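Working notes, beginning with the structure itself.
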Amino acid sequence: MTETVGRFAPSPTGPLHAGSLLAAIASYCSARAAGGRWLVRMEDLDSPREMPGAASLILHQLEACGFEWDGDIRYQSRRQDAYEAALEQLHGQGDIFWCRCSRTDLARLPSPAYPGTCRHFTAYRTDAAIRLRVPHGVIQFRDTVFGMQHEDVSQSIGDFILKRRDGPYAYQLAVVVDDADQGITEVVRGADLLDNTARQIVLQQRLGLATPGYTHLPLLVHADGSKLSKQTFAPALPLEDTAPLLLRALQQLDQEPPPDLAGEPPAAVLAWAIEHWRPERIAPGPIPQLPG
Ligand SMILES: [Zn+2]
């Protein structure tokens with residue numbers, strides 16, 4: 001039997017808010033309910049968007065909510081060698097090519113999928129992005145909340161970027177390499193990443209890596225239907241009196257916590273949530289986040 005390993009992987013572009021709390025609590029309960037480990041990974045590859053001090057603030061927010069992670073925090077900014085090794089493997093297999101198409105070049109084309117213009121550039125070129133040669137074929141996976149998903153990435157997206165022209169490794173590559181390296185068996189995260197999953201599975205297959213289970217969570221939305229995010233100024237989670245917030249997150253995930261838990265410490269709320277964790281109850285529709 002494989003041990004369950006879950007993870008919470010915030011980007012330190014700002015403090016945690018009610019939307020990120022859903023991903024934290026659901027990934028935590030899912031891993032702990034299975035007797036497994038829960039890891040925290042900082043996805044800090046996009047340095048221009050990062051907020052100084054956000055990574056340590058996030059860890060304080062998690063502690064204030066009663067979360068206990070296993071092992072050391074992983075920082076993607078320190079993992080360049082592993083991402084480079086994955087690119088070398090793909091290069092050896094003939095799976096990548098170097099592309100200098102500009103965004104404007106691609107925007108002029110009729111199809112949203114990359115047309116394969118630079119596929120013949122299979123050797124290193126300066127000032128170029130690296131793309132994965134995406135094979136034809138439908139990727140299929142079952143999401144715990146959203147059910148069966150099908151996507152032919154070669155049709156929907158085409159050859160996608162693994163390393164940007166201006167230097168950084170792409171999110172898709174870093175996530176796939178780190179999930180495998182950390183032995184993650186289940187990915188629990190917001191539904192805004194549901195349409196990234198097929199790309200990540202394509203990459204796992206090219207790299208010969210296992211595919212974890214996937215649970216995507218309904219998104220919290222403002223009254224106008226827009227997603228709650230750092231960009232839309234969702235308020236930061238406070239560092240004290242967090243039990244009511246945990247309770248509200250559990251209600252939003254359809255876990256039906258008893259209201260008297262609100263007077264308990266955060267660790268007691270989480271202990272209840274782990275014991276009563278029922279992911280099959282989570283409804284996929286967006287959740288309006290009311291103020292207060
Ligand atoms: Zn190109």
Return a yes/no flag: does segment 215-233 have any residue that is under 30 Å from A85 (Cβ atoms) and either of a type outside the set (D, E) or touching a His at 6+ places or on another chain (Cβ under 7 Å) (or both).
-> yes
Elements of type helices (runs of 4 or more DSSP H) contained in segment 32-121, each with 1 or more residues being over 20 Å from the mean Cα position of the chain (by Cα) and more than 16 Å from the ligand (Cβ to nearest atom) | 54-64, 80-92
Of all residues in segment 124-141, count the ones that are surrounded by fewer than 17 Cβ atoms within 10 Å (Cβ to Cβ), in contact (Cβ under 8 Å) with a residue 24 or more places away in the chain, away from the ligand (no atom under 13 Å from the Cβ) and not aromatic (F, W, Y).
-> 1
Residue in segment 223-232 that is without any contact (Cβ under 8 Å) to a residue 40 or more places away in the chain and under 15 Å from the mean Cα position of the chain (by Cα) present = no
Determine whether segment 193-203 contains at least one residue that is surrounded by 15 or more Cβ atoms within 10 Å (Cβ to Cβ), β-branched (V, I, T), assigned by TED's automatic domain parsing to the domain that holds R37 and part of a strand (DSSP E or B).
-> no
For R78, the lone unmet condition from (1) surrounded by 13 or more Cβ atoms within 10 Å (Cβ to Cβ); (2) closer than 29 Å to L39 by Cβ is (1)
When residues of segment 204-222 are limited to those that are of a type in the set (A, V, I, L, M) and touching a helix residue (DSSP H, G or I) at 6+ places or on another chain (Cβ under 8 Å), the one surrounded by the most Cβ atoms within 10 Å (Cβ to Cβ) | L217
Residue in segment 174-189 that is closer than 19 Å to T13 by Cα and out of contact with any Leu (no Cβ under 6 Å at 6 or more places or on another chain) present | yes
L173 vs (1) touching a residue at least 24 places away in the same chain (Cβ under 8 Å); (2) surrounded by 14 or more Cβ atoms within 10 Å (Cβ to Cβ); (3) part of a loop (DSSP other than H, G, I, E, B): all pass except (3)
Counted residues, segment 220-235 - those being over 13 Å from L290 (Cα atoms) and modelled with pLDDT of 90 or more | 0
Any chance L45 is assigned by TED's automatic domain parsing to the domain that holds T13 and either free of Cβ contacts under 8 Å to residues at least 12 places away in the same chain or within 29 Å of K163 (Cβ to Cβ) (or both) = yes
For segment 238-246, does any single residue satisfy the condition of being within 15 Å of the chain's Cα centre (by Cα) and crowded, with 19+ Cβ neighbours inside 10 Å?
-> no
If Q155 satisfies every condition in (1) more than 16 Å from the chain's Cα centre (by Cα); (2) within 16 Å of the ligand (Cβ to nearest atom) but one, which is the exception?
-> (2)
Which listed residue, of R125, R131, is assigned to a loop (DSSP other than H, G, I, E, B) and out of contact with any Pro (no Cβ under 6 Å at 6 or more places or on another chain) = R125
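The values are calculated or read from the model by the stated rules, or taken from the named source; none is laboratory data. Here the structure is a predicted model, which means the values were calculated and not measured. Ideal geometry is used to build each Cβ from the backbone, glycine not excepted, and the neighbour counts take in all protein chains shown.
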